[in-house]
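**Student:** Dropping the structure in here first, questions after.
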Amino acid sequence: MSRLFRDVDGGVLYPHGSVVCIGAFDGLHLGHRALVRHAESRARALGVPAVAVSFEPLPREFFAPDAPPPRLTLARDKVLGLRALGVDGIGLLRFDRRLAALAAEDFVRRTLVGRLCAREVWIGPKFRFGNRRGGDLALLQALGAELGFVAGEIEPVHLHGERISSTRIRELLLAGGFEHASELLGHPYAIGGRVVHGKQLGRTLGFPTANLRFPHTPALAGIYATWVHGVFSDSGRSVPWPSVSSFGTRPTVAGVEPLLEAHLFDYRGDLYGRHIEVEFVAKLRDEERFSGLDALTEQMHRDAEQARRILSEKRLRATA
């Protein structure tokens, strides 16, 4: 189990040294994975722990609270993803006013050297950190020469001639390009969480939903054909369950908080409290305001029919 720490300051965590990689890691796409795996391989070569350092909230969320960038990955999924990549430690540092004001040099001295005893520090292309984004590869290398660590930057990762980035993946998701986004991510785009109670409105309309709260600005909003993972069939097997999902603020019923609502076709079980993942397959339409519940219900039936057809075709192609 990877050690998780949240604070810039504190006791020494790796007195015999470590190899550190730093990044936002939003989405943990193929570029992020290349950085983490490089750090992990260097750590194994040196016989020291590999540590991934990130921030929560993301710095851009902190600096633009009224217009934060769409989020790809929640903190929990980021931690699980980094653990799956084999790192020994994860720094999910609290990005607050104090950390925002911390000079890049002080961050290096206090955290990378003081807490982690870094022997090597690795970053992605053009990564910047510290107050006013004052930290870069040149600063790391200069401080490394003084403080006894090596710093490096991995090359950009490309797929089919295209540079992989979280920005590009957000663009694809917003445009409904899920297959292309999944290629850049290295896995299907999905959002996981624990099913919570809602207002039960969907049930009264004939469309009971499994609800996931999403406390950040979503990378996409609208109505989608989806698979729900973490659901068990009558035989006791976990199977991808066909579904139609709404992601957004529900303008027809005066919703505010972003909510992911998944209607599982022909499912009769109880999912409250269970952790599920909703995998996005195809966008059906944008979220919109209807004149009333009758008009909304009619559209929900059309959405469900379209989602069933898309998922059935996907399943047939996968088994052909």
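Values in this text are rule-based calculations from the coordinates and carry no lab data. Remember, it's a predicted structure, so these values are computed and weren't measured experimentally. Heads up, the Cβs are rebuilt from the backbone with ideal geometry, glycines too, and the neighbour counts pull from every protein chain shown.
**Student:** Kirkwood hydrodynamic radius, computed over distinct alpha-carbon pairs, for the range 3-159: how many Å, to one decimal?
**Tutor:** Numbers: mean 1/r = 0.0645 Å⁻¹.
One decimal place: 15.5 Å for the Kirkwood radius.
**Student:** Okay, next question. Find how much the distance from Ala175 to Arg37 grows on full extension, using 0.36 nm per residue of separation minus their present alpha carbon separation; answer in nm with one decimal.
**Tutor:** Answer, rounded to one decimal: 46.7 nm.
**Student:** Along Cα→Cβ, 7 Å out, is where each label goes; now give me the distance between the ones at His160 and Arg285 in nm to one decimal.
**Tutor:** Between His160 and Arg285, the label points sit 2.9 nm apart.
**Student:** Compare the Cα positions of Val121, Leu58, Tyr267 along the charge dipole of the chain (+1 at Cβ of Lys, Arg; -1 at Cβ of Asp, Glu; about the Cα centre) and return the one farthest towards the positive end.
**Tutor:** Of the candidates, Val121 comes out farthest on the positive side.
**Student:** Which parts of the range 165-191 would a label at Leu80 reach, counting a residue when its backbone N lies under 14 Å from a point 7 Å out along Cα-to-Cβ?
**Tutor:** 188-191
**Student:** Find, among the trypsin sites (Lys or Arg not before Pro) in the range 117-151, those assigned to loop by DSSP (not H, G, I, E, B) with at most 12 other beta-carbon atoms within 10 angstrom. Mind dumping the intermediate values first?
**Tutor:** Values: sites: Arg119, Lys126, Arg128, Arg132, Arg133; in loops: Lys126, Arg128.
Filter output for the range 117-151: Lys126.
**Student:** Can you give the longest stretch of the chain with no exposed loop site, where a site means chymotrypsin sites (Phe, Trp or Tyr not before Pro) in a DSSP loop (not H, G, I, E or B) with at most 14 other C-beta atoms within 10 Å? Write out the running numbers ahead of the final one.
**Tutor:** On the way: sites that count: Phe265, Tyr272.
Segment 1-264 is the longest.
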